[in-house]
Amino acid sequence: MKLRQFQILFSLMLVFAMLLTACAQATPAPTEEPAPATTEEPAPAATEEPAPAATEEPAPAATEEPAAPAETVEITFWHAMSGSREEIVNGIAERFNATHPGIVVKPEYTGSYAETVTKGLAAYRTGTAPTIVQSYEVGTRTMYDSGAIVPVYTLNTGDVDWEEVVTPIRKYYTLEGNLPCMPFNSSTAMIYYNKDMFEAAGLDPNVPPTTWDDIESMSKAIMDAGLATGGLSMGWPAWIFEQMFAYHDQLLANNDNGRSAIASEVYLNSEFGVKMMTRWQELADDDILVYGGREYAANDPFLAGQFPFLVQSTSSLGGILKSATFKVGTAFLPRLGDEYPQGNSVIGGACLWVFDSATPEQQAAAWEFFKFTFSTEEAITWHKGTGYFPTSVSAYEQLKTEGWFEEEPNHATAFNQILGGADTPASNGVILGDFVTIRDIVGAAIEEVVVNGMDPKEALDKATADTNQVLADYISLLP
Amino acid sequence: MSQTRFPNRILPYLLLAPMVVIVIIFFLYPSAQSLYLSVFRVSPLGDRKIFVGLENFTRLLSSKDYLNSLLVSVRFAGIVVLFGLSASLVSAVIANQRLRGFAVYRALMIWPYALSPAIAGLVWGLMMNPNFGLGAVLLKRFTGIEFNYLTNGTSALLFLALAAMWKMFGYNIVFFLAGLQGLPTELLEAASLDGAGAWTKFWRVTFPLLSPTTFFLFVMNTLYAFFEVFGLVHITTGGGPGQATNLLVFNLYKDGFIAMNVGYASAQSILLLIMVATLTILQFRYAGEKVHYQ
């Protein structure tokens, strides 16, 4: 009897659980995005936002008459900034809303970069897209080719001089001569090193490595002194491989790295690529380069004081300075010797896109918001709060006169690196279609070489063939 | 047993209707859609399609990464089913004895099933974090074993299997306990009278009588290991390091929702469906024959 009751109870629970999952699957769209329906009719929007705009307005008529708020334009902004970054984004929106009567920006955190782009495009298909969506750098081509966006340069009413955008950032996102999106958060890669270890090994902590040879000899000195079990690990290895091409002014794809026209062929297995990969394999064979995964796991051995060097995104700087128990130094990316010209390091991060489903008023409002994020003051707040580059030149100048870079020399490293580099298609970095899959292919090739000891040429030949196939597939789908 | 007859001819259909509707909406329609998309190459926005025939399938089956993913899944399912079921059976037999406070033990054992995969993943991820996780640190201090699921592929797969087994533990125990309590006591008493020890009684009487439950759980755990561990992977290893924990479901997610290759991902879901269907049919054919129903 007891068992019987139990069985009944259990099956009821199962049914209930199934219903729950069914409901959860059935209604993702309305729970995530209840707002867009209201954006076309400004009246209900005003009830949700109890008029932060109206308080600024000297004419009090608006607060009483429901007809007046017809002027209020509401725009949603989907982004992937989590944690403390989300608070900073919300802060920007609040300050914007307070100073721009008639416009309400609603930032919404929509998950990781990949999830944000996927959700944005899915919402576009169902007619519930936000006005602004943030896309990471590898999503650039996907967004550009989607046919769902309004290029940002067409929204510029002449009040922003594009020359004001820090050159390497502007050049990275420029396709066919124009900026299709508004650069928002940008970072690059650099070397982090453990100054305490340098001192203990008798090296000068103020003379960082400049070449891969330096990394090798310095690592050896530190490892021989018994201070470390390895030399360096790298975060985002496939991205670092891209960085190396640009940093040595080597084209990674045809059509000017995919900028004058879409790239259809990559040069991963060029003489330079093979040489770089071979160098990494040599370092791995000597236990100097230790594979540290595809994202941020590489930071751990560096922070634990096991390795003296780390090659990682500058966006890790804040976290590393906070958690390191030793003095941290930063330096430019290592070079492969002098036979290759000086290029530049590549921008990573994300850009803001406007969907063409937004009304003209919303598009104009989005442009107002972009101008606001681009203003000197906001760009400085953004940089200090997140560690990302300030996008505008005047913000950079202002920070310099404030003496910020003297206080925070590690923040200056990345900046000096990108500002000191060359400005050629090769050093601006590559833009590819279906870049996510391609990064995966290159990441796998690096693993084969560094971890499994595969011949670098063989691994890169395969990666090149696979990548060219991915590009051909991508191009076949273009209109 | 004679067939029950409904006086009303429409009522049975009405009673069945909700389930039929659910199956159509959440199973048949999406499956048909996947089957359709699997022969196309689809643009990220989904507005442009090119018919490619079976190209997605031939590419998958000749892709080293996909075959590796298949191997990883089979290994993972093997560990989860074999060790997970053994551990649950042993625990259920112990919990079935009239020990003091057994109700508390039972409740505690069933607990993990109530957690969402995301929470299970977080708990295990924190516990086994190589830098500050209590589990990993203690393991290293007492056995010298370096358990780094973030950079070591073998550790990562074991870690994931451990968390998956733990999560399924409660579900298995509930069924094993119910099965154990439903066993006819006469048979066990008879065996005792014949002088059988606890070991013999278990293997000769309990285990064969329990076979319907074991078989059911075998099927359920296999499905679980192939289909339902996505949340766990997503929150802990993300398929890494390298491809070490890139299970079939996770690979599908990456291709479909990160890289937005919908056609390619649909082909994978069709393959996955075929695999699991075949597996289940085989299990019913061969393992099912050995099951003793009372």
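The values are calculated or read from the model by the stated rules, or taken from the named source; none is laboratory data. Quantities reported herein were computed from a predicted structural model and do not represent experimental measurements. So basically every Cβ, Gly included, is an ideal-geometry build from the backbone, and we count neighbours across all protein chains shown. Surface areas here come from the heavy atoms of the whole protein model, side chains and all, with no ligands, DNA or RNA. Shrake-Rupley method; radii C 1.70, N 1.55, O 1.52, S 1.80 Å.
Given the options B:Thr154, B:Thr185, name the one that is loosely packed, with under 14 Cβ neighbours inside 10 Å and under 30 Å from B:Leu115 (Cα atoms).
B:Thr154
Mind listing whichever residues of segment B:75-110 are within 22 Å of B:Ala156 (Cα to Cα) and touching a helix residue (DSSP H, G or I) at 6+ places or on another chain (Cβ under 8 Å)?
Answer for segment B:75-110, where residues must be within 22 Å of B:Ala156 (Cα to Cα) and touching a helix residue (DSSP H, G or I) at 6+ places or on another chain (Cβ under 8 Å): B:Arg75, B:Phe76, B:Ala77, B:Ile79, B:Val80, B:Val81, B:Phe83, B:Gly84, B:Leu85, B:Ala87.
The rows are residues; the columns are (1) out of contact with any Gly (no Cβ under 8 Å at 6 or more places or on another chain); (2) surrounded by fewer than 23 Cβ atoms within 10 Å (Cβ to Cβ).
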{"residue": "A:Ser313", "(1), (2)": "no, yes"}
{"residue": "A:Gly319", "(1), (2)": "yes, yes"}
{"residue": "A:Ser323", "(1), (2)": "yes, yes"}
{"residue": "A:Thr330", "(1), (2)": "yes, yes"}
{"residue": "A:Tyr340", "(1), (2)": "yes, yes"}
{"residue": "A:Ile347", "(1), (2)": "no, no"}
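In segment A:140-154, which residues are open to solvent by 40 Å² or more (accessible area, probe 1.4 Å) and more than 9 Å from chain B (Cβ to nearest Cβ)?
A:Tyr144, A:Tyr153, A:Thr154
As an exercise: evaluate A:Pro308 against (1) surrounded by 23 or more Cβ atoms within 10 Å (Cβ to Cβ); (2) modelled with pLDDT under 95 and give the number of the one condition it does not meet.
(2)
Residue by residue through segment B:34-51, note down the ones that are within 9 Å of another protein chain (Cβ to nearest Cβ) and either polar (S, T, N, Q) or part of a loop (DSSP other than H, G, I, E, B) (or both).
Within segment B:34-51, B:Ser43, B:Pro44, B:Leu45, B:Gly46, B:Asp47, B:Arg48 qualify.
Scan segment A:169-185 and report the pairs whose first residue is farther than 21 Å from A:Asn416 by Cβ and in a loop (DSSP other than H, G, I, E, B) and whose second residue is open to solvent by 10 Å² or more (accessible area, probe 1.4 Å) and acidic (Asp, Glu), with Cβ atoms within less than 8 Å and a gap of 6+ or a chain change.
none
Give the residues of segment A:105-135 that are among the β-branched types (Val, Ile, Thr) and open to solvent by less than 10 Å² (accessible area, probe 1.4 Å), sorted by residue number.
Correct list: A:Val105, A:Thr116, A:Val117, A:Thr131, A:Ile132, A:Val133.
Might you let me know whether segment B:158-172 holds any residue that is open to solvent by 40 Å² or more (accessible area, probe 1.4 Å), in a helix (DSSP H, G or I), modelled with pLDDT of 90 or more and in contact with a Ser or Thr (Cβ under 6 Å, 6 or more places away or on another chain)?
Yes: segment B:158-172 contains one or more residues that are open to solvent by 40 Å² or more (accessible area, probe 1.4 Å), in a helix (DSSP H, G or I), modelled with pLDDT of 90 or more and in contact with a Ser or Thr (Cβ under 6 Å, 6 or more places away or on another chain).
Out of B:Leu16, B:Leu28, B:Leu37, B:Leu70, which single residue is aliphatic (A, V, I, L, M), modelled with pLDDT of 90 or more, loosely packed, with under 13 Cβ neighbours inside 10 Å and closer than 30 Å to A:Val117 by Cα?
When all the criteria are applied, what remains is B:Leu28.
Filtering segment A:193-245 down to residues that are touching an Asp or Glu at 6+ places or on another chain (Cβ under 7 Å) and closer than 15 Å to A:Ser345 by Cβ, which residue is least open to solvent (accessible area, probe 1.4 Å)?
Of everything passing the filter in segment A:193-245, A:Gly235 is least open to solvent (accessible area, probe 1.4 Å).
Let's see how each residue does on (1) in contact with a Phe, Trp or Tyr (Cβ under 9 Å, 6 or more places away or on another chain); (2) over 22 Å from A:Ala395 (Cα atoms); (3) among the aliphatic types (A, V, I, L, M):
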{"site": "A:Gly102", "(1), (2), (3)": "no, yes, no"}
{"site": "A:Thr110", "(1), (2), (3)": "yes, yes, no"}
{"site": "A:Ser135", "(1), (2), (3)": "yes, yes, no"}
{"site": "A:Gly139", "(1), (2), (3)": "yes, yes, no"}
{"site": "A:Tyr153", "(1), (2), (3)": "yes, no, no"}
{"site": "A:Asn156", "(1), (2), (3)": "yes, no, no"}
{"site": "A:Val166", "(1), (2), (3)": "yes, no, yes"}
{"site": "A:Ile169", "(1), (2), (3)": "yes, no, yes"}
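Conditions: (1) surrounded by 11 or more Cβ atoms within 10 Å (Cβ to Cβ); (2) hydrophobic (A, V, I, L, M, F, W, C); (3) more than 12 Å from chain A (Cβ to nearest Cβ); (4) farther than 30 Å from A:Leu478 by Cβ. B:Ile22 meets all but one. Number of the miss?
Exception for B:Ile22: condition (3).
Across segment A:387-408, what is the number of residues that are in a helix (DSSP H, G or I) and either free of Cβ contacts under 8 Å to residues at least 40 places away in the same chain or open to solvent by less than 10 Å² (accessible area, probe 1.4 Å) (or both)?
Of the residues in segment A:387-408, 11 are in a helix (DSSP H, G or I) and either free of Cβ contacts under 8 Å to residues at least 40 places away in the same chain or open to solvent by less than 10 Å² (accessible area, probe 1.4 Å) (or both).
Looking at (1) within 30 Å of A:Val89 (Cα to Cα); (2) over 18 Å from the mean Cα position of the chain (by Cα), which one does A:Phe245 not meet, given that it meets all the others?
A:Phe245 satisfies every listed condition except (1).
Those residues that are among the charged types (D, E, K, R), under 26 Å from the mean Cα position of the chain (by Cα) and open to solvent by 50 Å² or more (accessible area, probe 1.4 Å), I need them from segment A:280-305; list them, please.
Passing the criteria: A:Arg294, A:Glu295.
Inspect all residues belonging to segment A:161-171 and state whether any of them is within 27 Å of B:Gly46 (Cβ to Cβ), of a type outside the set (A, V, I, L, M), touching a helix residue (DSSP H, G or I) at 6+ places or on another chain (Cβ under 8 Å) and away from every other protein chain (no Cβ under 11 Å).
no
So A:Gly433 passes all but one of these: (1) more than 9 Å from every other protein chain (Cβ to nearest Cβ); (2) surrounded by fewer than 22 Cβ atoms within 10 Å (Cβ to Cβ); (3) outside any helix (DSSP H, G or I). Which condition number does it fail?
Answer for A:Gly433: the failing condition is (2).
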